[in-house]
Amino acid sequence: MQQLQLIVIGGGAAGFMGAITAAETFKDANVILLEKNRTLLNKVRISGGGRCNVTNAVATLPELLKGYPRGAKFLRSLFETFNNQHTIKWFEGRGVPLKIEPDGRMFPATNTSDTIVDCLMKAAHHAGVKIRTGAGVTQLKPVLTGIEVVLQSGEILHADRVLVTSGGHPQLSGYDWLSELGVEIVTPVPSLFTFNIPVIPFKDLMGVSVSGVGVKLAGSKLAETGPLLFTHWGVSGPAVLKLSAWGARELSDKNYQFVSLVNFTNKKPNEILQQLTDFQRDSGWRAKFVPTQAPFGLPQRLWKQLVELANIPETMRWADLPAKNINRLVEHLTNFQLDVRGKTTFKEEFVTCGGVALSDVNPKTLESRKVRGLFFAGEILDIDGVTGGYNFQAAWTTGYIAGRQLGQLIE
């Protein structure tokens, strides 16, 4: 019997997990991993500031599924087979313990992505995966005996099965080689981006972080909470990134020109009004100058500028603060308007909303419903998560399950 030839296209997280799993599951198969670049696992290397945010430590599947603006329903049954707990065991079983940060993100205990890269490279080598770099694929040709894989060099490889893990692409044209096979592609738009605010009303707050902030899109139900970070181009931080992920299509439709409303306290206006009014009667606050001590856990630099924007003089004491200034302060604290004009990719971690339509993929095997013997895993699929390890988890899960199916007898 001729040796089964399994080809994995894409040397990222999903590609390595798929190739390793296929090689370990089908020990007699010849598993080849093709990567168009000269380097492998590039996103793994840069993730988490070079530490690699491997997954998230949430304890239940419902919690895990909440991290996916798109693809949660599709992932539900897949996570029953391989979820974040399996990921932890997978790496620990290969000598890579993970640690949990206070926000739930998980990193290698070594605090460097090199540990994850080395682990995957060693596992692939040990399993017998043959890796080829500088091997970009331009076309797939289904034939009676499998699929022909056409490389940029003109070389043609024969595969019995093909797993595509080539990642997301910012342009629809990047999926042409798949759509010409009849595979449906959901138009890609960016996800996980920060907000550009050319005329920001705050001065010199770059690097200042505010915890527990509510951020929403004006005129929409889109709203998120979490830390907010001031940058030299606008605002970032988990609250902004989550909002950009859940609102990826809506914000794209607005051409990234919109109003974002910020509640720096994440409390209702009447609660803040009551607290500010209480300061005027409180013996510990009455005699203090308004700008000198920031309430609500706000950074002092931010508080001072909010006070200034409310037209409150530096010499104003709480006891003497007029009602009109208090009302302005309440508005600035709970409903501050930021005019967003554009976006910036979060660090170098481009994430795509869009890709291969999930309706075109078997949810149990990840095989294409259109092309026999063609499988998909990772960000090539129309699945994307919020920041915090969710995108890698989707890659590990889909890569593992596709790898397990890649050498099965196709009926």
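Throughout, read-outs are computed from the coordinates displayed, never taken from laboratory work. What you see is a predicted model; the values in this text were computed from it and never measured. When we count neighbours, we look across all protein chains shown, and the Cβ atoms used for this are built from the backbone with ideal geometry, even at glycine.
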Notebook entry, point to check: 222 nm [θ] for the chain, helices only, -39500 (n - 2.57) per DSSP H run of 4+, per residue, to 500?
Noted result: -9500 deg cm²/dmol
Next item on the list: Evaluate the distance, in nm, between pseudo-label points positioned 7 Å from the Cα of Lys370 and of Glu80 along their respective Cα→Cβ axes.
Entry: 2.9
Check: For the stretch 59-102 and the stretch 31-48, what is the separation of their C-alpha centers, rounded to whole Å?
Finding: 21
Next item on the list: For the chain, just the Cα atoms, rotate onto the principal axes and tell me the three extents in Å, largest first.
Entry: 91, 42, 35
Check: Can you list the aspartates and glutamates whose alpha carbon sits under 17 Å from that of Lys324, skipping same-chain ones fewer than 8 residues off?
Finding: Glu271, Asp278, Glu308, Glu314
Notebook entry, point to check: What is the packing order of peptides 159-166, 54-61, 313-320, taking the mean over residues of other C-beta atoms within 10 Å and listing the highest first?
Noted result: 159-166, 54-61, 313-320
Note to self: Among Phe202, Val189, Ile147, which residue has its Cα furthest toward the positive end of the charge dipole of the stretch 113-264, with +1 on Lys/Arg Cβ and -1 on Asp/Glu Cβ?
What the structure shows: Phe202
Checklist line | Farthest positive-ward along the chain dipole, Cα basis, beta-carbon charges - from Gly174, Val235, Gln257 | finding: Val235
Checklist line | trypsin sites (Lys or Arg not before Pro) restricted to the stretch 213-261 and DSSP loop, no more than 15 other C-beta within 10 Å | finding: Lys221, Lys254
Checklist line | Added length on full extension, which subtracts the Cα-Cα distance from 0.36 nm per residue, Asp282 to Glu180 | finding: 29.6 nm
Next item on the list: Could you tell me the distance between the Cα centroids of the stretch 230-288 and the stretch 309-349, to the nearest Å?
Entry: 9
Next item on the list: With a point put 7 Å past each Cα toward its Cβ, work out how far Ser209 is from Lys141 in nm, to one decimal.
Entry: 5.4
Notebook entry, point to check: Relative to the first principal axis of the alpha-carbon coordinates of the chain, what is the inclination of helix 72-81, with its axis defined by its Cα atoms, in degrees from 0 to 90 and to the nearest 10?
Noted result: 60
Check: Along the principal axes of its C-alpha atoms, what lengths does the stretch 260-387 span, in descending order and rounded to whole Å?
Finding: 77, 25, 21
Check: Could you name the aspartates and glutamates in cross-link range of Lys254, using Cα to Cα under 18 Å and dropping any fewer than eight places away on the same chain?
Finding: Asp339
Margin query: Could you work out how much longer the chain between Arg132 and Asp103 gets when fully extended? Use 0.36 nm per residue separation minus the Cα distance between them, nm to one decimal.
Written below: 6.7 nm
Item checked: Of all DSSP beta bridges in the chain, antiparallel share, percent nearest 5 -> 75
Next item on the list: Go ahead and run the numbers for FRET between Asn42 and Gln275, Cβ-Cβ distance against an R0 of 51 Å, rounding to 0.05.
Entry: 0.55
Next item on the list: Give the angle, between 0 and 90 degrees and rounded to the nearest 10, that separates the Cα long axis of helix 113-127 from the longest principal axis of the Cα atoms of the chain.
Entry: 20
Margin query: Report the Cα-based extents of the stretch 246-319 along its three principal axes, largest first, to the nearest Å.
Written below: 51, 23, 18
Check: Counting pairs of Cα atoms in the stretch 154-283, how many percent are more than 24 Å apart?
Finding: 50
Margin query: Given 20 °C and 1.002 mPa s, compute D for the stretch 193-345 with the Stokes-Einstein relation, Rh being the Kirkwood radius over Cα pairs; round to the nearest whole µm²/s.
Written below: 134
Item checked: Euclidean distance between Cα centres, the stretch 121-194 to the stretch 195-227, Å -> 38
Notebook entry, point to check: For the Cα atoms of the chain, what angle does the longest principal axis make with the long axis of helix 300-309, in degrees from 0 to 90, nearest 10?
Noted result: 60
Check: Is there a pair in Lys99/Lys242; Lys43/Lys203; Lys43/Lys343; Lys27/Lys66 whose C-alpha atoms are over 30 Å apart, and which pairs would that be?
Finding: Lys43/Lys203; Lys27/Lys66
Next item on the list: Among Ser179, Ser283, rank each residue by its count of other Cβ atoms within 10 Å, from fewest to most, as a rough exposure measure.
Entry: Ser283, Ser179
Notebook entry, point to check: Using modelled amide H (1.01 Å from N, peptide plane; none on Pro or chain starts), what sits under 5 Å from the amide H of Thr387, excluding residues fewer than 5 places away?
Noted result: none
Notebook entry, point to check: Tell me, in nm to one decimal, what length is gained between Thr110 and His125 on full extension, where the rule is 0.36 nm per residue of separation less the Cα-Cα distance?
Noted result: 3.2 nm
